[in-house]
Structures are given as structure tokens and as C-alpha cells.
1. May I ask you to list the residues in the stretch 78-129 that are β-branched (V, I, T), crowded, with 19+ Cβ neighbours inside 10 Å and within 15 Å of the chain's Cα centre (by Cα)?
2. Mind checking which residues of the stretch 208-221 are surrounded by fewer than 13 Cβ atoms within 10 Å (Cβ to Cβ) and part of a helix (DSSP H, G or I)?
3. Mind listing whichever residues of the stretch 152-182 are closer than 19 Å to L235 by Cβ and touching a residue at least 40 places away in the same chain (Cβ under 8 Å)?
4. Of these, V49, V68, V13, which one is at pLDDT below 90 and crowded, with 19+ Cβ neighbours inside 10 Å?
5. Report yes if F187 is among the hydrophobic types (A, V, I, L, M, F, W, C), surrounded by 14 or more Cβ atoms within 10 Å (Cβ to Cβ), under 19 Å from the mean Cα position of the chain (by Cα) and closer than 30 Å to Q80 by Cβ, otherwise no.
6. Looking only at the stretch 9-23, count every residue that is part of a loop (DSSP other than H, G, I, E, B) and over 27 Å from P210 (Cα atoms) and tell me the total.
7. Within the stretch 112-132, track down each residue that is touching a residue at least 60 places away in the same chain (Cβ under 8 Å) and either part of a helix (DSSP H, G or I) or on the phi > 0 side of the Ramachandran plot (or both).
8. Which one of these is assigned to a loop (DSSP other than H, G, I, E, B) and closer than 30 Å to L235 by Cβ: I26, I6, I33, I60?
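The values are calculated or read from the model by the stated rules, or taken from the named source; none is laboratory data. Bear in mind that the values here come from a model prediction, so they are computed numbers and not experimental data. Cβ placement follows ideal geometry from the backbone for every residue including glycine, while neighbour counts extend to all protein chains displayed.
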Amino acid sequence: MKEISISITPEIVTNIFGLPITNSLIASFLTTIVFVTIAYFATRKLKEVPHGLQNLVEVIVESLFNMVDGVTGDRKQTLQFFPLVSTIFIFVILSNWMGLIPGFGSIGFSEVEEGHTAFIPLLRSANSDLNTTLALSIISVFAVQFFGIFALGFSKYAKKFINLKSPISFFVGILELISEISKLISFSFRLFGNVFAGEVLLVVIMALIPFVIPVPFFALELFVGFIQALVFSMLTLVFLKMAVTVQEEH
């Protein structure tokens, strides 16, 4: 049976000026390049009656916009939140789906480590690296605080976390602060866990039964990749909406 090698941490492919370059970092750069390339060719020659790539991109953008607008119920908030939410959705789904392309995890080189030979893949799904999902989580949570302060003002928004009116209010504020910090953990580990688990599942299935049987699992991972992108972006949107309205109800 073929030896199965699974690493929960991304492998270092090379170093540039002392900075380690991992296979997941290369994959995230590649995802960004694909993202920008599609946007460039879709908008290079805009037409009033779209067709081809422009038409496809407009359908995706319009669908995302309507979805955001349906959650906010406010066109002004939609215009504020849409760029961030849609970018997160597209980046996450591209990263998830590109990780299923043949060559990810299978093309690489061998390296001798501690007396045994280890296989180092050149590419690994960006979201199977906790560093990537944590970075996305930090962006999301920071954006929530930024828009909350921008909409309500610093002092009014800060009362959500620091309220000295009564011991109960103070305790509730501490819980709110803990809740904001816990979002970093839940965001990052949910996405990382699902993508990494899917990656491990495909590796095991491909090693045991490499023909025909893995096809349904690839289809499943396509669906899971979409759901995870939708969950991450929609949770970000819901938290943004809550941040700008939380104090208005009191």
C-alpha cells in the first residue's frame, strides 16, 4: 500500500531573504493572481450587453449584491459591506476549489528529514493552513469593530464592552469582549478544520482506491468548499450588521 503522509502544518518550500515560503502561501498568491486575472479580463472591454466572461462575472456579482442587500435591508450599508463580504467569499471559494485541482498535494519534491525521506508538495490549499484562516478572521473581526465605531462613534460603541452603570452591565460587557475574541477562534478553526479534513479524506481515498470511487468525494468537497465560503462571508456580514445597530436598540 502506498505510504500516506499527512502534515497539519504547511511545508516550507523555500526561503527568500530568511522568510519561509510555504506551499500554502504560494497557493494563496496563486489564488490572488487568478482572482485579479479574472477581474481584469472581465472588465477590460465592458459592454452594455454583456457576454462571455463579463456576463458570468456580472451574474456572480449581482447575486452576491442581492444576497448582501437582503441581509442588511439598507442600501447604504450594502454598499459599505459588499466589497469586503464579496471579496472574502470569492477568495475563500477560489482557494477551496483550486485545492482540488490535480497537482495540489501531488506535485513536489522529496527531502531527507531526520533519517527518512519526506515528500514536500509545491502547492497546498491555502485554507488548509491555519495561518491563512486566522488572517482572514482577523480581517473580518477588525472590520466589524471598524464599521461599528464608524457608524456609532467610539464612545457609544465602546459602551458595548465597557459599561459601568451597574455590575450586571459591566459583566455583560466583559462577556461581549470575550465573544469578540472568540470569533477569531471560531472563524479560523471552522474553515481550517473543514478544508483540512476534506484534504485528508481525499488523500486517504486516493491512496486506497485511486479510480472512479474518489469522484463523488471530489463533488462533495466542491459543495463543502462553497458552503464554507458562504458561511464565512455571511457570518462576517451578520456581525457587521449587528455592530452598526447594536446600540440603537437601547
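1. Of everything in the stretch 78-129, those that are β-branched (V, I, T), crowded, with 19+ Cβ neighbours inside 10 Å and within 15 Å of the chain's Cα centre (by Cα) turn out to be V85, I88, I90, V92, I93.
2. Filtering the stretch 208-221 for residues surrounded by fewer than 13 Cβ atoms within 10 Å (Cβ to Cβ) gives 208-213, 215-216, 219.
Within the stretch 208-221, L208, V215, P216, A219 meet the criteria.
3. Correct list: K160 only.
4. Values: V49 fails: crowded, with 19+ Cβ neighbours inside 10 Å; V68 fails: at pLDDT below 90.
Checking each option against the conditions leaves just V13.
5. Numbers: among the hydrophobic types (A, V, I, L, M, F, W, C): yes; surrounded by 14 or more Cβ atoms within 10 Å (Cβ to Cβ): yes; under 19 Å from the mean Cα position of the chain (by Cα): yes; closer than 30 Å to Q80 by Cβ: yes.
When the stated conditions are applied, F187 passes them.
6. Step one: filter the stretch 9-23 for residues part of a loop (DSSP other than H, G, I, E, B), giving 9-11, 17-18.
Within this subset, residues satisfying the condition of being over 27 Å from P210 (Cα atoms) are 17-18.
Total meeting the criteria: 2.
7. Narrowing the stretch 112-132 to residues touching a residue at least 60 places away in the same chain (Cβ under 8 Å): 118-132.
A126, N127, S128, L130, N131, T132 - these are the residues of the stretch 112-132 that are touching a residue at least 60 places away in the same chain (Cβ under 8 Å) and either part of a helix (DSSP H, G or I) or on the phi > 0 side of the Ramachandran plot (or both).
8. Values: I26 fails: assigned to a loop (DSSP other than H, G, I, E, B); I33 fails: assigned to a loop (DSSP other than H, G, I, E, B); I60 fails: assigned to a loop (DSSP other than H, G, I, E, B).
I6 is the lone residue from the list that is assigned to a loop (DSSP other than H, G, I, E, B) and closer than 30 Å to L235 by Cβ.
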